[in-house]
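Asker: Next up is a structure, given as structure tokens.
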Number of protein chains: 2
Amino acid sequence: MNVDHIEAHPWKIIEETFDPKRVEAAESIFSLGNGAMGQRANFEEQYSGNSFQGSYVAGVFYPDKTKVGWWKNGYPEYFAKVLNAPNWIGIDLKCNNETVDINNATVHHFRRELDMQSGLYTRSVTLSTTNGIKLTLTSERFLAMFQEELGCIRYAVQLHDQKATISLTPYIDAHIKNKDSNWDDPFWKCTGQFANGNFAALHTRTNKSEFDVCTYQAVTFFVDDKWSDAFSCEEKEGRIAFTHQVDLAAGQKITVEKMGGYCSSLQQPAEDQQKHVFTIAQNALEKGFDSLLETQKTHWNDIWGMADITIDGDVKAQQGIRFNIFHLNQTYTGSNPLLNIGPKGFTGEKYGGSTYWDTEAYCLPFYMATKNKLVAENLLNYRHKHLEKAIENANKLGFNSGAALYPMVTMNGEECHNEWEITFEEIHRNAAIAYAIYSFERYTGSTDYLIAKGIDVLVGIARFWAQRVSFSTNKNKYVILGVTGPNEYENNVNNNWYTNYAAKWCLTYTVSRLTFISSKHVDAYKEITNRLSLKADELIAWKEIAKSMYLPYDNKHDVFLQQDGFLDKELTDTSYIPTEQLPINQNWSWDRILRSPYIKQADVLQGFYFFEDHFSTEQLEKNFDFYEPFTVHESSLSPSIHSVLAASLGRVEQAYEFYLRTSRLDLDDYNAEVNEGLHITSMAGTWLSVVEGFGGMRVKNDAIHFTPQLPKAWQSFSFKINFRGSILQLEVDKSFSKVTLIEGKEVPAFINGEKISFSLNRVMS
Amino acid sequence: MNVDHIEAHPWKIIEETFDPKRVEAAESIFSLGNGAMGQRANFEEQYSGNSFQGSYVAGVFYPDKTKVGWWKNGYPEYFAKVLNAPNWIGIDLKCNNETVDINNATVHHFRRELDMQSGLYTRSVTLSTTNGIKLTLTSERFLAMFQEELGCIRYAVQLHDQKATISLTPYIDAHIKNKDSNWDDPFWKCTGQFANGNFAALHTRTNKSEFDVCTYQAVTFFVDDKWSDAFSCEEKEGRIAFTHQVDLAAGQKITVEKMGGYCSSLQQPAEDQQKHVFTIAQNALEKGFDSLLETQKTHWNDIWGMADITIDGDVKAQQGIRFNIFHLNQTYTGSNPLLNIGPKGFTGEKYGGSTYWDTEAYCLPFYMATKNKLVAENLLNYRHKHLEKAIENANKLGFNSGAALYPMVTMNGEECHNEWEITFEEIHRNAAIAYAIYSFERYTGSTDYLIAKGIDVLVGIARFWAQRVSFSTNKNKYVILGVTGPNEYENNVNNNWYTNYAAKWCLTYTVSRLTFISSKHVDAYKEITNRLSLKADELIAWKEIAKSMYLPYDNKHDVFLQQDGFLDKELTDTSYIPTEQLPINQNWSWDRILRSPYIKQADVLQGFYFFEDHFSTEQLEKNFDFYEPFTVHESSLSPSIHSVLAASLGRVEQAYEFYLRTSRLDLDDYNAEVNEGLHITSMAGTWLSVVEGFGGMRVKNDAIHFTPQLPKAWQSFSFKINFRGSILQLEVDKSFSKVTLIEGKEVPAFINGEKISFSLNRVMS
């Protein structure tokens, strides 16, 4: 999809032309989700052009047997694959007994629109069929935010100036393809099916992982807006279809309202699923599409009321940030601690799994600030539930005594990644999980989660680091050998500064939390030490390791060293890479990338982002100016962190340049890969670059701080946050910045270092 | 297979018991080969127990689509697989219409014997069938060393005290399994078949690689030694069988002499193959098994006459070294420059490919010293033929202007390995290929190959190193970043001393050879510079890089450093590894191995082995004593190098300990993996540890040197070598060492540093 293919609009995503080459990209961009299910914007009717069919049920995966060239001890047995589920949206369309297929038709007009205010996706197409009949088909679709098993479609076909026999066949079908299969295993089996009246259900089970999913539809037909029940049912193994055929005169129309979707065993036991969705479907049909859409709008209205960011004077920036916020809300609602935020959400299958360190490092702040506390807490609960598995995982790698290593990629807590340099070595992920606990405590001011659950996670992580370090007599320091840092363009390095610093911090923070609990919550502490068999000398060891952790540093440049030996590289900046060789990960062999100085994403600078308070602005500036010129930003997660840091150095225009690389990454398909799905977790990074970058939001000492800056290209921007139950709004324009208390009690807040008195409508020039 | 399962015998390998659990191991140990084909010791008759069926045609491979978890740029499209070929040895045996299967029979007596003096493999089994008939079957088999397409089997069945109807069905069959398939691709297709009289042929072609192989058999039956033609032919698609059924009285016998084997398109064009093997088969049948066996003995007698090593006073050591020499001769005869020495030879499929750096680093000296010059030269020709492919390979990785990177694993010159840390980074292999040219020149005294071909290879390799180094302003030296050394328990390290030193040496040696040619062979030099577009400033650059190459060294220990940062490890020696955790590559996760100090095989010490003259004995001793204690010898190639180095330090008993780990590795199945095949290339290492270790053989300044040492466990040992066309024999016993000129002109030779006058029967005490 080319830049500018999508029209600029503050609230809508609009595509006005039909190009078969753009169909797969558009299928990603116009994806819908409601946290429990989601799908790519596949056509309802048959389409013979290139298409990537994908409809997904949250938390349901297939454990696909690991595929590697050379097995290494400790590799997981399987890779958990997000998998295409049975089709519930399908509607076959025939005109005079011939299948209508946009790919073969003459298209006179084509338009897609995604209205982010309501989550309504509309497609209208005027075409002439191969047998010469001109018709307009209109499809409207949304996934209910108010009822997680419900999706609603209204699909209408209207003739133009000729009569014709039209048949519509809404169906559900379990005979779907799972493209991302290592061994062509069948992912699903059918376990039953049912049809009665206007309702149909298919029961399927995933092989091996044994998730039960009930796929259903319930339909109502209208001819020229008059209800009609003249349809027949055709049932085959794994497919149930209702067909309504009618002779229409010129100008006449047939419409079907189709309610459907999934109920999975994460929601209801298999035996209750059909009854559950039957009730939902009948209620929905009774209310009808228009009424349901009103409810949907109310729900999205509430979401936007809290989560919206307005940007004036730059409609593409406005559209971009809303597109990101929209998809984050479609992907994760926080209602279920078994779910998490997959890198592609419900828009594709790449990267499998659902959970990376992205969740803790990038996504948590968005959900903390725009939802109630429980949503973010569920993200922490997810990891707490996986603690036993993380301990098992560490065990497999030779660690013991409760040391926990959280997986690089997971669905259910088990590691499923299989590259030794990542699976075994990209262990900094463990620190991000501890950092999220710290971040949550800092933001919410609550230690309840910490005391009840978080401390167990912290101790497991601290135990891991204490065993993973080794003592170098040569350096007379603790070192961490053989790791991969956030910059995955270095593998198996020694003493990655970020990893060492984060490990040191984990140990220190865990000790500080234990000390806090032991002094303030004596009974809880007793229970914790029992539960975790915690020994006093463990804490002594952790303090000693933290104190003597080696942190590579170079005197000459006065910067921290990304890793031992970094300065032995030929330190040419990214301007030395010929443009046609970018991105280097598509053009260079891996060894060449590894020995180059080029950085995939923030690494030392990720440390400065996380631990900003530990360093002076001068230190940040030196390290930023040293590392940024080597950074190729070939991870979608990279520009946002650089944007926040540039903003905190007061370089608002540089921050804006980074912002541009992240906010419309998918809409403008910079990397020519949006066909594979959207970059969901990096969308949270875009939010960070506005809120923490241009808004300068920070929490320090139980107070919220803002240091706003406005990029030249913008007239103004504003956003709201939920800070400890109070809703604050920051508004920034060319002449002033204002923080308003919208709802809740007064909270300590600062703007540009000055305390805000909410009795005034505080204006800062 | 347990230690001591194989009887000790100076010339024979004997197994006296039948144990179904040992069948696959014995299939490896009793393997036969003749350089052009070879096979595991599978039974001729049907066997329902566990068996690994393998029969191989030299140089014939299947390019199996690469299987990796995560693709990296530059990975090869396929992995060349040694593949099981159609079965030519099969003989079905029925007794009273029931298939005889040792797995179901009552075995009264079982014996296998491999006579290494003749290459004859005999198996005799006395059993009672499930229908109660007692019989003895005897199978004799050899692969002709005098006719590379010919294998000979004599298979006899004799009844004991009851009569029975016996049928023998010798067959050829293309319906075989290829276990080592990544994607269950069919490796072979049938292209034709032919049967007439006593002769049958199957024509098959490998898919993708399109090698044509004709598999054939020709048979003669005897009933009680009387010729009988009462057999029938049964032909199916891909299978041709001759069946001779006869009612035998008690004590009577039926015998078949079966001549068969393969002719591949490496030997004859497809259209000539059948005629070719028909003539071979008819000649063979005419001569008969006994007469052919006599010819075979003569050929093996000649081989042993030159290649034998005698060890007195230690029959297991004697058996071990002969077993190694026997298999090296079965694997490679040097008659065809398209062939090379696979790590499993004709005994298994593991590691695919046929050529690793093992050939140059370990095997070349054996063939130089025990064969005529042309055999070793063909090993060099093999790499010269692959130079264009090596340049292409380097190109794929971003090198240019004629830089050549030889593959890690190959069949036809194309890289087929697919682990980035090996494929792209274990580049020291390139130096071994240059070293072989040097070694050949040093041993033969001939520069013909160098001038005609070798210099092209050297220039390609030098160009690679010149582009692969980078200049570290930090160290003010050239560095080599991101490599894997011979010790594969370190990946992606910076400045592996062995690699840096070998690269430096390659550059220096290439310059010296160019200088030599330019001064002594002016016309040749002109041609070379034209052919290679060689520029004068290339030589200047190579000298400069060699001069300023960084070589990591530690002052405190006064040793070279295996790589940057080695001293940051916890330097615990191998005694700290709990026995149950050995071998660590089966028990530890890869990251744990990588950050340990443990060394898989000689690394710094490989440099001391190759470049012995460059260092003092004191340097060797310090480095040996530093690195050996960290070495786990988990490569079969490791102990032999340590054995040679220990011997050159005068530590003969330590050398002997290492020797024990290599010489009977397969016979005693130390690593419980002999079922997968034999360690062919490490067998050459065993030869090195006797000849270069205990014999102390070296070539210096066009003279041959010996510094013999006798391990306590031995009474004496002796071996012969071909040095520049003269055959010398070294005999060493407890009281003296003697070098005798067996054949050829007098050559400069030294023993313990004193020049030998061959007019005397020189005796050294």
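Asker: What is the residue count in segment A:581-596 for residues that are closer than 16 Å to residue A:565 by Cα and more than 7 Å from every other protein chain (Cβ to nearest Cβ)?
Answerer: Residues that pass the stated criteria total 2.
Asker: What is the number of the single condition among (1) in contact with a Lys or Arg (Cβ under 8 Å, 6 or more places away or on another chain); (2) among the polar types (S, T, N, Q); (3) more than 13 Å from residue B:84 (Cα to Cα) that residue B:204 does not meet?
Answerer: Just one mismatch for residue B:204, condition (3).
Asker: On to the next question. For segment B:182-297, which strands (runs of 3 or more DSSP E) that fit wholly inside it have 3 or more residues that are at positive phi, of a type in the set (S, T, N, Q) and surrounded by 22 or more Cβ atoms within 10 Å (Cβ to Cβ)?
Answerer: In segment B:182-297, there are no strands (runs of 3 or more DSSP E) which contain 3 or more residues that are at positive phi, of a type in the set (S, T, N, Q) and surrounded by 22 or more Cβ atoms within 10 Å (Cβ to Cβ).
Asker: Does residue A:527 meet the test of being surrounded by fewer than 21 Cβ atoms within 10 Å (Cβ to Cβ), among the acidic types (Asp, Glu) and in a loop (DSSP other than H, G, I, E, B)?
Answerer: No; evaluated as a whole, the condition is false for this residue.
Asker: Can I ask one more? Hey, among B:665, B:728, B:760, which residue is hydrophobic (A, V, I, L, M, F, W, C), out of contact with any Gly (no Cβ under 6 Å at 6 or more places or on another chain) and at pLDDT 95 or above?
Answerer: Just a single option satisfies the conditions, and that option is B:728.
Asker: Filter segment A:13-67 for residues that are more than 14 Å from chain B (Cβ to nearest Cβ), assigned to a strand (DSSP E or B) and over 27 Å from residue A:664 (Cβ atoms) and give the result.
Answerer: Within segment A:13-67, A:57, A:61, A:62, A:63 meet the criteria.
Asker: Taking only pairs six or more apart or across chains, which ones have beta-carbon atoms under 9 Å, a first residue in segment B:417-432 that is facing chain A (nearest Cβ under 9 Å) and at pLDDT below 95, and a second residue that is assigned to a helix (DSSP H, G or I) and crowded, with 24+ Cβ neighbours inside 10 Å?
Answerer: That search, which allows pairs on different chains as well, returns B:417/B:423.
Asker: I'd like the full set of residues that are surrounded by 23 or more Cβ atoms within 10 Å (Cβ to Cβ) and in contact with a Leu (Cβ under 6 Å, 6 or more places away or on another chain), limited to segment A:40-58.
Answerer: A:58
Asker: Still on this structure, I have one more. If you check every pair at least six apart or on different chains, which have Cβ atoms under 9 Å apart with a residue in segment B:325-340 that is closer than 16 Å to residue B:305 by Cβ first and a residue that is surrounded by fewer than 24 Cβ atoms within 10 Å (Cβ to Cβ) and among the aromatic types (Phe, Trp, Tyr) second?
Answerer: As it stands, the answer is B:325/B:304; B:326/B:300; B:326/B:304; B:329/B:300; B:329/B:304, since those pairs meet every condition given.
Asker: Looking only at residues in segment A:444-462 that are out of contact with any Leu (no Cβ under 9 Å at 6 or more places or on another chain) and in a helix (DSSP H, G or I), which one is nearest to residue A:540 (Cα to Cα)?
Answerer: A:451
Asker: Still on this structure: When you scan segment B:632-649, do you find a residue that is in contact with a Pro (Cβ under 7 Å, 6 or more places away or on another chain), over 29 Å from residue B:584 (Cβ atoms) and free of Cβ contacts under 8 Å to residues at least 40 places away in the same chain, even just one?
Answerer: no
Asker: So residue A:439 passes all but one of these: (1) over 20 Å from the mean Cα position of the chain (by Cα); (2) closer than 30 Å to residue A:521 by Cα. Which condition number does it fail?
Answerer: (1)
Asker: Follow-up question, since we're still on this one. I'd like the residue in segment B:466-477 that is assigned to a helix (DSSP H, G or I) and within 14 Å of chain A (Cβ to nearest Cβ) and, out of all such residues, is farthest from residue B:503 (Cα to Cα).
Answerer: B:467
Asker: Please verify whether residue A:301 is under 30 Å from residue A:454 (Cα atoms) and either assigned to a helix (DSSP H, G or I) or at pLDDT below 95 (or both), treating the condition exactly as stated.
Answerer: no
Asker: Just name the residue that is surrounded by the most Cβ atoms within 10 Å (Cβ to Cβ) out of those in segment B:476-491 that are closer than 18 Å to residue A:572 by Cβ and in contact with a helix residue (DSSP H, G or I) (Cβ under 6 Å, 6 or more places away or on another chain).
Answerer: B:482
Asker: Right, here's the next one. State yes or no: is residue A:578 within 14 Å of chain B (Cβ to nearest Cβ), more than 22 Å from residue A:397 (Cβ to Cβ) and without any contact (Cβ under 8 Å) to a residue 24 or more places away in the chain?
Answerer: yes
Asker: Turning to a different aspect of this structure: Keeping to segment B:478-494, report how many residues are farther than 27 Å from residue B:514 by Cβ and within 13 Å of chain A (Cβ to nearest Cβ).
Answerer: Qualifying residue count, segment B:478-494: 10.
Asker: While we're here: Scan segment A:76-98 and tell me whether some residue there is touching a His at 6+ places or on another chain (Cβ under 9 Å), modelled with pLDDT under 95 and either more than 30 Å from residue A:206 (Cβ to Cβ) or not in a helix (DSSP H, G or I) (or both).
Answerer: Within segment A:76-98, one or more residues are touching a His at 6+ places or on another chain (Cβ under 9 Å), modelled with pLDDT under 95 and either more than 30 Å from residue A:206 (Cβ to Cβ) or not in a helix (DSSP H, G or I) (or both).
Asker: I've got another one for you. Give the residue, chosen from A:334, A:398, A:345, that is closer than 30 Å to residue A:73 by Cβ, of a type outside the set (A, V, I, L, M, F, W, C) and in contact with a helix residue (DSSP H, G or I) (Cβ under 8 Å, 6 or more places away or on another chain).
Answerer: Sole residue among the options that is closer than 30 Å to residue A:73 by Cβ, of a type outside the set (A, V, I, L, M, F, W, C) and in contact with a helix residue (DSSP H, G or I) (Cβ under 8 Å, 6 or more places away or on another chain): A:398.
Asker: Yes or no: residue A:479 touching a Phe, Trp or Tyr at 6+ places or on another chain (Cβ under 7 Å), hydrophobic (A, V, I, L, M, F, W, C) and modelled with pLDDT of 95 or more?
Answerer: Spelling it out, residue A:479 is indeed touching a Phe, Trp or Tyr at 6+ places or on another chain (Cβ under 7 Å), hydrophobic (A, V, I, L, M, F, W, C) and modelled with pLDDT of 95 or more.
Asker: Please count how many residues of segment B:551-571 are more than 9 Å from every other protein chain (Cβ to nearest Cβ) and in contact with a Pro (Cβ under 7 Å, 6 or more places away or on another chain).
Answerer: Matching residues across segment B:551-571 total 3.
Asker: Further, regarding this structure: With the requirement that a residue be of a type in the set (Gly, Ala, Ser) and over 20 Å from residue B:628 (Cα atoms), what does segment B:651-677 give you?
Answerer: Within segment B:651-677, B:672, B:677 meet the criteria.
Asker: I'm trying to understand the selection: among the residues of segment B:312-340, which are small (Gly, Ala, Ser) and assigned to a loop (DSSP other than H, G, I, E, B)?
Answerer: B:313, B:334, B:335
Asker: What are the pairs, 6+ residues apart or on separate chains, where a residue within segment B:606-624 that is on the phi < 0 side of the Ramachandran plot has its Cβ under 9 Å from a residue that is among the charged types (D, E, K, R) and in a helix (DSSP H, G or I)?
Answerer: Within 9 Å, the pairs are B:609/B:692; B:620/B:612.
Asker: Which members of segment B:354-388 meet the condition of being of a type in the set (Gly, Ala, Ser) and either assigned to a helix (DSSP H, G or I) or surrounded by fewer than 23 Cβ atoms within 10 Å (Cβ to Cβ) (or both)?
Answerer: Selection gives B:361, B:369, B:376.
A quick yes/no check of all residues on (1) more than 30 Å from residue B:425 (Cβ to Cβ); (2) buried (at least 16 other Cβ atoms within 10 Å of the Cβ); (3) in contact with a strand residue (DSSP E or B) (Cβ under 9 Å, 6 or more places away or on another chain):
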| site | (1), (2), (3) |
| --- | --- |
| A:531 | yes, no, no |
| A:562 | no, yes, yes |
| A:581 | no, no, no |
| A:586 | no, no, no |
| A:611 | yes, no, no |
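Asker: Okay, moving on. Out of everything in segment A:395-416 that is within 11 Å of chain B (Cβ to nearest Cβ) and of a type in the set (A, V, I, L, M, F, W, C), what residue ends up being farthest from residue A:503 (Cα to Cα)?
Answerer: A:416
Asker: Scanning segment B:666-690 for residues that are in contact with a strand residue (DSSP E or B) (Cβ under 8 Å, 6 or more places away or on another chain) and surrounded by 24 or more Cβ atoms within 10 Å (Cβ to Cβ), which turns out nearest to residue B:322 (Cα to Cα)?
Answerer: B:687
The values are calculated or read from the model by the stated rules, or taken from the named source; none is laboratory data. Note that the structure is predicted; figures quoted are calculated from it, not measured. All Cβ positions, even for glycine, are placed from backbone atoms using ideal geometry, and neighbour counts span all protein chains on display.
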